[in-house]
Amino acid sequence: MPRTSSVIAGVWVVVLAASYQIYFRPLLAKFGVGRVITPVGNTDCTTIPELKACEKIVLHQPTGVIYLACSTPESRTHWTPAVDRLNAAGMSTTDYVATFDPKTSKITKLSIAGYTSGRGLALHGMDVVPSASDANELFVYLVNHRRPLDASAVGADSVIEIFRTSIGSSTLTHVKTVEDPVIDTPNDVVGYSDGKSFHFTNDHGSKSGFLRTIELFDISRASVGYCHIDEGCKIAVANMHANNGIAKAPQNDTIYVANCNRGGVTILEKQLDNTLVRTDTIATDYPLDNLAVDENGALWAAGIPDALTTVFTHFQNPSIPAPSAGLRITLNFGPGSFYGEKYKVDKVFEDDGTLASGVTTVVYDSQRKRLFLNGLASPQLVICKA
Ligand SMILES: *[C@@H]1O[C@H](CO)[C@@H](O)[C@H](O)[C@H]1NC(C)=O
């Protein structure tokens, strides 16, 4: 008879080996372990090294001008609350929104008017939306990860800022700082054309703590929140996992949320009370960062081919490249649709990081056939014919 202790040890070995095979191996594969990078769409491109560390790009479709929420690669290594980089002493004081016009290659760093809090801008997600009453006026919604006033607090004192501007203007005029306990770990935002309301993702269930740390292992504490500046904020849908980018279909009330851990997109429908109901999911091989819907209704996603390199190497030292990918998700009208493949996921762009490093935002101008890519700590804006 074997001793009880060695039986228990043997059982543990079997349990650990099984959980590795069943759980951790697929997870590590999703994070890029063993993935082979197969370049596509990365040969007919130009680069704009003046525009670095732009976590989010939004296209203004009528003019073809893009808006970018930018920082410096160096400061991102200190202050990126979404990935627990919380050294406020190293945070940037020069974050900015820029416009870039591909027709003229003109870069405009927008100046800020009327923002008097003195608490600065630490930029992350963004949306730019034409006003319902005047298509020339634009509302700019920005996630702002302020440093906490109380130095002993762990995590950012995050808010969502609303600015307004107009087409061709070089100024952002402050409208409102929206602060609320529901805006806890904001990542990205979808703004509405009233200039007063938005949905946003919380990427975790808390700013710090043990539960936040283990969310990685399929613990669903992320959410989407809704705010209206006259009515306050509320949770629109809870118990989501690894929320990242959020986008809205241009013509209806469908909202898409990306998962940056297991990959995939959750499709939600906005209800009359602005809560969201999950209606479908689309699986992807790659963890996803930001999303964008093009004019034809195709959904674009920044895919993360090698998440371990992106998070642990590139975010630590942005000069070390991380592979990047751009995925296009469309309704499947091909033969596969008969067999339940409702959506088609195409890898339109992939690069080992030499050209496009650490990309977190992929946006397509379908009229002008231009693909724009940038990232949280990326060294440059990349523009490819696609
Ligand atoms: C909403 O529009 C998108 C295209 O932007 C389409 O794919 C989707 O099916 C529409 N949703 C509904 C509920 O009609």
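The values are calculated or read from the model by the stated rules, or taken from the named source; none is laboratory data. Note that the structure is a prediction, hence the values are computed from the model and not measured. Cβ coordinates were reconstructed from backbone atoms using ideal geometry, including for glycine residues, and neighbour counts include every protein chain displayed. SASA here: full protein model, heavy atoms, side chains in, ligands and nucleic acids out. Shrake-Rupley method; radii C 1.70, N 1.55, O 1.52, S 1.80 Å.
Structure above, values below:
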{"item": "Inter-label distance, nm, simple model (7 Å from Cα along the C-beta direction), VAL277/ALA9", "result": "5.7"}
{"item": "GNM flexibility winner over the chain from VAL348, VAL129, VAL14 (Cα, springs under 10 Å)", "result": "VAL14"}
{"item": "Nearest-0.05 FRET efficiency for THR46 and SER133, computed from C-beta distance (R0 30 Å)", "result": "0.25"}
{"item": "Shape of segment 181-329, Cα gyration tensor, a/c cut at 1.5", "result": "oblate"}
{"item": "FRET E, pair ARG368, GLU179, Förster distance 45 Å, beta-carbon r, rounded to 0.05", "result": "0.75"}
{"item": "Net charge of neighbours whose Cβ lies under 9 Å from the Cβ of GLN61, counting Lys and Arg as +1 and Asp and Glu as -1", "result": "-3"}
{"item": "Nitroxide proxy distance, nm - points 7 Å out along Cα→Cβ at VAL83 and ALA249", "result": "3.3"}
{"item": "Contour excess over end-to-end distance, with Cα ends at SER193 and ALA151 and 0.36 nm allotted per residue", "result": "11.5 nm"}
{"item": "Mean shadow area of segment 56-304 over all directions, Cα convex hull, nm²", "result": "13.2"}
{"item": "Of all accessible heavy-atom area on the chain, the percent that carbon and sulfur account for (1.4 Å)", "result": "57"}
{"item": "Candidate residues TRP12, TRP79: accessible-area rank, largest first, probe 1.4 Å", "result": "TRP12, TRP79"}
{"item": "If the convex hull is drawn through the Cα atoms of segment 86-157, its volume per residue in Å³", "result": "132"}
{"item": "Check: the chain dipole with +1 on Lys, Arg Cβ and -1 on Asp, Glu Cβ, in debye", "result": "620"}
{"item": "Using alpha-carbon coordinates, inclination of helix 4-19 to the longest axis of the chain, degrees", "result": "40"}
{"item": "Surface accessible to a 1.4 Å probe, ARG146 within the full protein complex, Å²", "result": "10"}
{"item": "Solvent-accessible surface (1.4 angstrom probe) belonging to THR4, in square angstrom, nearest 10", "result": "100"}
{"item": "R0 of 35 Å, Cβ-Cβ distance THR354-ALA29: FRET efficiency to nearest 0.05", "result": "0.90"}
{"item": "GNM top mover of ASP194, ASP294, ASP157 - the chain, alpha-carbon springs below 10 Å", "result": "ASP194"}
{"item": "Solvent-accessible area of ILE214 with every protein chain in place, 1.4 Å probe, in Å² to the nearest 10", "result": "40"}
{"item": "Lys pairs, segment 56-304 - Cα-Cα below 20 angstrom, 8 or more residues apart or on other chains", "result": "12"}
{"item": "Positive-pole candidate from TRP12, PRO323, ALA88, dipole of the chain, charges at beta carbon", "result": "TRP12"}
{"item": "Mean accessible surface per residue for the chain, computed with a 1.4 Å probe while every protein chain stays in place, in Å²", "result": "44"}
{"item": "Spin-label pair ILE22/PHE312, simplified geometry with 7 Å Cα→Cβ offset, distance in nm", "result": "2.5"}
